[in-house]
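Reading through the C-alpha cells given below for one structure.
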Amino acid sequence: MSYNGLVYLCIALAGLWLVTFLYTGAGKDLRTLVKRLVTGGVYYAMWLLPRDKDLILFTADEGQSFSDNPKYLFYEFRKDPRFRCVWITRNAEVYKDLKGRGYEVCMLDSREGKRLQMKAGTLIHTNSLKEEFSYIRAGGAVSVNCWHGVGLKRVWYRNQNAFSGKWMAAPPSLKRTYNLWWAGLNAARENYLISTSEEVSAYYPATYRVKEDHVLNLGQARNDVFFDDSLDEADDDSLAFFKNNKIILYMPTYREYNVRKKGPETIGRQIDYGRLSQMLKKYGYIFVVKQHRYNTGEGDRFGEFDNIVDISSDNYRIDPQLLLKYTDILVTDYSSCYTDFLLLDRPVLFYCYDLEAYLSKWEINFDYDYVTPGPKAFSSDGLITELEKLLRGQDAYEAERQRVKRVFYSPENQGPVAKKQTDYIIKNIIKR
C-alpha cells in the first residue's frame with residue numbers, strides 16, 4: 001500500500017467512524033471509537049514495514065505451551081537452513097525449556113519479541129491473531145493458522161455468541177459494517193487456514209472469513225506423532241506409565257458453564273467412581289482423567305482409587321497427542337480429540353450426559369449422531385455399562401469409525417503430513 005493510499009484509507013475510516021458515531025448516537029463511546037481509530041491506523045501502517053520472508057514465528061495454545069500443530073512444523077522447518085525459526089511464548093517455563101534445548105525462543109512482550117513480530121514474514125499458529133500475537137505489530141505478516149483440532153462446535157463468524165458471529169448475522173447497517181471491520185483486525189494482511197478434509201474445508205471460508213483458495217486441505221501435523229516413535233517426548237517415567245498399562249483416557253471438553261473456574265462438573269457429573277474402580281480391577285485397566293486446560297482443577301482427586309488417576313494438574317505435562325497414542329479406549333464428549341483418535345482405529349465412548357444443554361449453548365458443524373462413532377452414555381451407570389462392553393471386546397463401531405474418519409480426514413491426510421505442509425508453505429506461500 002502506498003503512502004497516499006494509506007492516507008486515503010485513514011480518512012475513509014475516520015469518516016466511517018464519524019458517520020457510525022452519529023448514526024448510533026453512541027456519544028458515550030467516543031473514547032472507544034477514537035481509540036479504535038488510532039489502533040486501526042497503526043495496524044495498517046505496520047503493513048508498510050519490510051518483512052523478512054525467511055523469518056518464521058511459531059506459537060500455540062495462546063502462547064502458553066510448546067505444542068500442537070506448530071510444534072511439529074517447527075521441527076520440520078528447522079531442517080531447512082534457509083529459515084530462521086523462532087518460538088514465541090508468554091510462558092516463562094516454556095521459554096526456559098526451549099532455551100535449554102537449544103531452540104531459538106522469545107517472550108512475546110520482550111523488546112526482542114516485539115521487534116521480531118514487526119519483522120517476520122510468516123506466522124504459524126493455532127488461534128486468532130489477537131490471542132497469540134500483538135496483532136498490531138504482527139498484522140503485516142502472512143498468517144498460516146493450523147487451528148487446534150477439527151472441532152464440532154461453530155466458532156468465529158459462524159458462532160452467533162461470538163462478537164464476529166453476532167455482527168456477521170446482523171442485518172446490513174453502518175453499525176454492522178463498522179463492527180465487522182473491527183473484527184477483521186483479528187487477522188493478518190494475508191491469511192491461510194489448514195484443513196483436514198473436503199467436508200471440513202467446505203465450512204472454513206464462512207467460519208474464518210478467508211478465501212476458498214486459502215483453505216489448505218493438508219491434515220494435522222500434530223498427528224505425525226501417531227506414526228513416528230522418534231517424535232515421542234515426555235519424561236521417561238510418565239510415558240512408561242502409559243506404555244506399560246492398559247489405559248482408558250477420559251478427555252472432556254470445557255463447557256463454559258463454569259469456564260476457567262474449578263468445579264466438579266469439569267470431570268463428569270455424578271460418576272460412581274467406587275463402582276468404576278471395581279470394574280477396572282476386574283479387567284486390569286487404569287482410568288486416566290485429563291481435563292481441558294481451562295478446567296484443570298486441583299488434580300490428583302482420586303487418591304483412594306489406585307486405578308483412577310487425575311493428570312490434569314499443571315505438574316503433569318505430556319503432549320495430549322502422546323496420551324492419545326498410548327490410550328486403548330477414549331472417553332470424551334464433544335472434544336476434537338476424538339477426531340484425532342480415529343486415526344488410531346480404537347474404541348471411543350461418548351459420555352454426553354449434558355448433550356441437550358451443550359447443544360442449546362453451541363451450534364455444531366455436523367449432526368452429533370452422524371459424526372460420533374461409538375456408544376453414548378448419559379449417566380454414570382450407562383458409562384460403566386458401556387465401558388464394560390468394550391472391555392469384553394464388544395466393539396460394534398469399527399465400520400462407523402472408518403466412515404467418520406473419512407469425514408474429518410481425507411485419505412491423503414491419514415498419515416504423516418508435516419513435511420507435506422512445510423513443502424507447500426515454502427513453495428506456495430513463502431515462495432522460496
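The values are calculated or read from the model by the stated rules, or taken from the named source; none is laboratory data. Because the structure is predicted, anything quoted here is derived from the model rather than measured. No Cβ is skipped: glycine too gets one built from the backbone with ideal geometry, and neighbour counts run over all protein chains shown.
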If you scan the stretch 321-341, which residues turn out to be closer than 21 Å to Lys243 by Cβ and not in a strand (DSSP E or B)?
Gln321, Leu322, Leu323, Leu324, Lys325, Tyr326, Thr327, Asp328, Cys337, Asp340, Phe341
Which one is farthest from Phe226 (Cα to Cα) among residues in the stretch 72-105 that are in a helix (DSSP H, G or I) and among the acidic types (Asp, Glu)?
Glu93
From the set of residues in the stretch 106-161 that are in contact (Cβ under 8 Å) with a residue 60 or more places away in the chain and touching a His at 6+ places or on another chain (Cβ under 8 Å), which is farthest from Ser65 (Cα to Cα)?
Val144
So Asn69 ticks every box in (1) assigned to a helix (DSSP H, G or I); (2) over 23 Å from the mean Cα position of the chain (by Cα); (3) not acidic (Asp, Glu) but one. Which box is left unticked?
(2)
Can you tell me which of (1) at pLDDT 95 or above; (2) touching an Asp or Glu at 6+ places or on another chain (Cβ under 8 Å) is the one Glu131 doesn't meet?
(1)
Does at least one position in the stretch 400-422 carry a residue that is buried (at least 22 other Cβ atoms within 10 Å of the Cβ), in contact (Cβ under 8 Å) with a residue 12 or more places away in the chain, assigned to a loop (DSSP other than H, G, I, E, B) and out of contact with any strand residue (DSSP E or B) (no Cβ under 7 Å at 6 or more places or on another chain)?
yes
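State whether the residues of the stretch 76-94 include one that is in contact with a Leu (Cβ under 7 Å, 6 or more places away or on another chain), closer than 29 Å to Cys337 by Cα, in contact (Cβ under 8 Å) with a residue 40 or more places away in the chain and crowded, with 16+ Cβ neighbours inside 10 Å. Write out each step before concluding.
Narrowing the stretch 76-94 to residues in contact with a Leu (Cβ under 7 Å, 6 or more places away or on another chain): 84, 86-90.
Then keep just the ones that are closer than 29 Å to Cys337 by Cα; that gives 86-90.
Remaining after also requiring in contact (Cβ under 8 Å) with a residue 40 or more places away in the chain: 88.
This time we only want the ones that are crowded, with 16+ Cβ neighbours inside 10 Å, so: 88.
Yes, the stretch 76-94 has at least one match.
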Say whether the condition of being surrounded by fewer than 16 Cβ atoms within 10 Å (Cβ to Cβ), assigned to a helix (DSSP H, G or I) and in contact (Cβ under 8 Å) with a residue 24 or more places away in the chain is met by at least one residue in the stretch 216-234.
no
Pairs needed: first member in the stretch 334-362, in the same structural domain as Asp68 (by TED's automatic domain parsing); second member anywhere, surrounded by 24 or more Cβ atoms within 10 Å (Cβ to Cβ); C-beta distance under 9 Å; at least 6 residues apart or different chains.
none
